[in-house]
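Here the structure comes first, spelled out in structure tokens, and everything after it is commentary.
The values are calculated or read from the model by the stated rules, or taken from the named source; none is laboratory data. For clarity, every value in this text was computed on a predicted model and none was experimentally measured. Cβ placement follows ideal geometry from the backbone for every residue including glycine, while neighbour counts extend to all protein chains displayed.
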Amino acid sequence: MCKKNFIFLFLFFLVIINLFSYQVKFIPSQTNPHLIIISDVNAKKVQIAGDWNNWCGTAIDENLSPNIGKLLKNNKGEWFTDVKYLANAKYNFKIIIDGKWQKETYSFEVINSPVKKIGSEITYYNPEANEVIIAGDWNKWAGTENGYLEPALGKMFKDENNIWHYPLTDTHISRGIHKYKFIVNGKFIEGPPLILIIK
């Protein structure tokens, strides 16, 4: 009888662990992931709070925004988000399940090739931005080299997925090696300039 009770308690314990656990997967890998997948079929809502989205708004006014970092759910019951449009950098994030912050901090790194062709584009993902400008050596750093910002020189356009686009045309930029940074809501993104090689 004791043995049966032990087995029952052990199996019950495993079920409880499974109900309240989740897994984080990086597709295809932790370097240059296209997708981050959270396996928690029992969750009603999952968010990713990271340094690229101001920790779901809490880095700005300490209030968690319910609409930032929301993940979608696939037919397997997994939650996922697309991160392939982030600029090259190392990122940290936490998981929020049904409004509760999980303890562990995760990280991944984006190291995309800087080589582009005329006719392609530069993309930048930022769901919070109201305006994104690309400032580089080819447009006098969006005018700031002359002492004032000229948004029209590096204006990026946002699509319905909060991805900002900047076309690389021969009227904008010449072939060669260039440096650039993003200006988000009037402020330069911190860190060293990014490298762009136009073939």
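Worth a mention:
- Every condition in (1) on the phi < 0 side of the Ramachandran plot; (2) touching a Pro at 6+ places or on another chain (Cβ under 6 Å) is met by N162 except one, and the failing one is (1).
- Selected residue (only one of K76, K90 is out of contact with any Cys (no Cβ under 8 Å at 6 or more places or on another chain), in a loop (DSSP other than H, G, I, E, B) and basic (K, R)): K76
- Residue check for I177: part of a strand (DSSP E or B), loosely packed, with under 13 Cβ neighbours inside 10 Å and either modelled with pLDDT of 85 or more or not charged (D, E, K, R) (or both): yes
- Those residues of segment 91-110 which are among the aliphatic types (A, V, I, L, M) and closer than 20 Å to E190 by Cβ, in sequence order: V110
- Residue list for segment 124-135, restricted to those being surrounded by fewer than 19 Cβ atoms within 10 Å (Cβ to Cβ) and more than 13 Å from Y166 (Cα to Cα): P127, E128, A129, N130
- Which listed residue, of K70, K44, K76, is of a type in the set (K, R) and within 17 Å of the chain's Cα centre (by Cα): K70
- Residue in segment 87-96 that is out of contact with any Ser or Thr (no Cβ under 9 Å at 6 or more places or on another chain), loosely packed, with under 15 Cβ neighbours inside 10 Å and free of Cβ contacts under 8 Å to residues at least 60 places away in the same chain present: no
- All positions within segment 102-131 that are within 17 Å of the chain's Cα centre (by Cα), assigned to a loop (DSSP other than H, G, I, E, B) and of a type in the set (A, V, I, L, M, F, W, C): I111, A129
- If the condition is being at pLDDT 90 or above, out of contact with any Gly (no Cβ under 8 Å at 6 or more places or on another chain) and surrounded by 12 or more Cβ atoms within 10 Å (Cβ to Cβ), then segment 180-199 contributes F182, V184, F188.
- Tally, over segment 81-104, of residues that are within 14 Å of I38 (Cβ to Cβ) and modelled with pLDDT under 90: 3
- Residue match in segment 136-144 (condition: surrounded by 18 or more Cβ atoms within 10 Å (Cβ to Cβ), of a type in the set (G, A, S) and in a loop (DSSP other than H, G, I, E, B)): yes
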